[in-house]
1. Can you name the number of the only condition in (1) assigned to a helix (DSSP H, G or I); (2) out of contact with any Gly (no Cβ under 9 Å at 6 or more places or on another chain); (3) within 16 Å of the ligand (Cβ to nearest atom) that Gly285 fails?
2. Are any of the residues in region 318-335 aliphatic (A, V, I, L, M), within 16 Å of the ligand (Cβ to nearest atom) and in a loop (DSSP other than H, G, I, E, B)?
3. Can Ala201 be described as in a helix (DSSP H, G or I), at pLDDT 95 or above, among the small types (Gly, Ala, Ser) and crowded, with 20+ Cβ neighbours inside 10 Å?
4. Find the strands (runs of 3 or more DSSP E) located wholly in region 5-105 whose residues include 2 or more that are of a type outside the set (Gly, Ala, Ser) and crowded, with 19+ Cβ neighbours inside 10 Å, and list them.
5. What tally of residues in region 151-193 results from selecting those that are away from the ligand (no atom under 16 Å from the Cβ), out of contact with any Lys or Arg (no Cβ under 9 Å at 6 or more places or on another chain) and of a type in the set (Ser, Thr, Tyr)?
6. Within region 260-279, is even one residue out of contact with any Pro (no Cβ under 6 Å at 6 or more places or on another chain), among the small types (Gly, Ala, Ser) and under 30 Å from Pro105 (Cβ atoms)?
7. Residues that are within 12 Å of the ligand (Cβ to nearest atom) and surrounded by 14 or more Cβ atoms within 10 Å (Cβ to Cβ): does region 337-360 have at least one?
8. Please state which of the following conditions Thr479 fails to meet, knowing it meets all the rest: (1) over 18 Å from Ala413 (Cα atoms); (2) at pLDDT 95 or above.
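The values are calculated or read from the model by the stated rules, or taken from the named source; none is laboratory data. Note that the structure is a prediction, hence the values are computed from the model and not measured. A quick note on method: Cβ atoms are made from the backbone with ideal geometry, for glycine too, and the neighbour counts reach across all protein chains shown.
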Amino acid sequence: FERQDGRSQKQRLLVVANRLPVSAVRKGEDSWTLEVSVGGLVSALLGVNEFEARWIGWAGVDVTDEIGQRSLTDALAEKMCIPVFLDQEIVHSYYNGYCNNILWPLFHYLPLPQEDRLATTRSFQSQLAAYKEANQMFADVVNEHYQEGDIVWCHDYHLMFLPKCLKEHNSEMKVGWFLHTPFPSSEIHRTLPSRSELLRAVLAADLVGFHTYDYARHFVSACTRILGLEGTPEGVEDQGKLTRVAAFPIGIDSDRFVRALELPAVKCLIEELQERFAGRKVMLGVDRLDMIKGIPQKILAFEKFLEENPDWHDKVVLLQIAVPTRTDVPEYQKLTCQVHEIVGRINGRFGTLTAVPIHHLDRSLDFPALCALYAVTDVALVTSLRDGMNLVSYEFVACQESKKGVLILSEFAGAAQSLGAGAILVNPWNITELASSIGYALTMSAHEREKRHQHNFLHVTTHTSQEWAETFVSELNDTVVEAQLRTRH
Ligand code: ADQ
């Protein structure tokens, strides 16, 4: 990318996601505290040095007054962030409604219960309207900040209309869209009342990316079967316009985890945990408390394992760290109660005066504690019923160079395609199989653990988040150049 005066400068990347990578808390009329949240996407882009990235998204707070909006915009500018202001009403219908009650369950193959479905259907049109309105609000902010030559990278199921809104305004804009969840089979997608509109809106992008080849294939099938378009090896073609569709499996910043294990604070925590659980094997689950993560299935399988293996009762402990999410949604409240009930029952059945088999925490852990836990774990359990990728499995592997623990991984997580050869793959719906996998993992020979771990460690440390972001953005640049060449000929 060359400037007019001949000096080269970094190409600008506008990353558009529902949430900004910072949370804002108001301290006064015009003062704010900003806390940066380092998630997968943030660390992915921190490592991408060839672009100058700016973030556009919602700051997670409702700010209606002009002074507040102006001061928050200024504070965020220092973090290279640009806010989209959404009011409570629109957040309710767009985010809680259409995004999290309709798209999220559907993309994870979870049909809504009948009575909720009826209620949803009644308000479906208004939720869809709010979704479109919110997407247009994101587009307006992008348009305001866009400079010629910028790359615009839209993220996730919250922003499926965004590529269309952007291209309608400026057909020259380079637009990519990436989905972090699975894209379901076309037979599932076709149940969605707005199925065609959503597909067409996404197809306005130049490049559409998914975690796995299967999700990309499902998307192309949906476009061919529902829209009657032509699928090609490169993507989807509509009247001569090609939208490139491909798989870009995300990774983690593995160095950050490996380095953290050398920090004195983390080493200290590791020692404390080792002491605390001396003489017992440690099994670990780290999840957002979401129905897709298969937490009840995991705990029920552990109960079955204890039932069938009395010898293990005082030799194993399951630490389940479940950070609550979407706590205002009734189904999530129900899930929390269900998990608490099962944990209580198991601890009542198998606990002693001095120890319980399950430690369940409803909370998030800070980074040092998370790394220490990953490092002391013998067996990690990832039992998602569906999961776009699942980064917890990657993080666990990155912290296991010394212990070489075992990963039990759901075949319905995208990560099964990359870590399948090293992990024990399971169907989380099959509690019997899951229980016997726990037994197998706990008694696996050191030689087999080493072999499996090396396979996964190599993958996790070579397929990083930085590489993921760089590959997507350079593919987007190439796609646009190829499209320009095609139209010229
Ligand atoms: P998530 O559904 O949030 O992400 P995941 O990929 O596992 O799932 O990432 C969760 C992140 O949150 C991890 O970095 C993990 O360390 C952290 N986390 C979870 N529980 C925690 C806890 N109790 N304490 C501290 N940290 C916790 C979505 C998709 C995934 C996809 C990612 C990235 O649903 O399938 O892999 O985006 O694309």
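1. (1)
2. The answer is yes, given that some residue of region 318-335 is aliphatic (A, V, I, L, M), within 16 Å of the ligand (Cβ to nearest atom) and in a loop (DSSP other than H, G, I, E, B).
3. Taking the combined requirement at face value, the residue satisfies it.
4. Result: 11-19, 51-58, 81-83.
5. 3
6. Checked region 260-279: no residue is out of contact with any Pro (no Cβ under 6 Å at 6 or more places or on another chain), among the small types (Gly, Ala, Ser) and under 30 Å from Pro105 (Cβ atoms).
7. Within region 337-360, one or more residues are within 12 Å of the ligand (Cβ to nearest atom) and surrounded by 14 or more Cβ atoms within 10 Å (Cβ to Cβ).
8. Of everything listed in (1) over 18 Å from Ala413 (Cα atoms); (2) at pLDDT 95 or above, Thr479 misses just condition (2).
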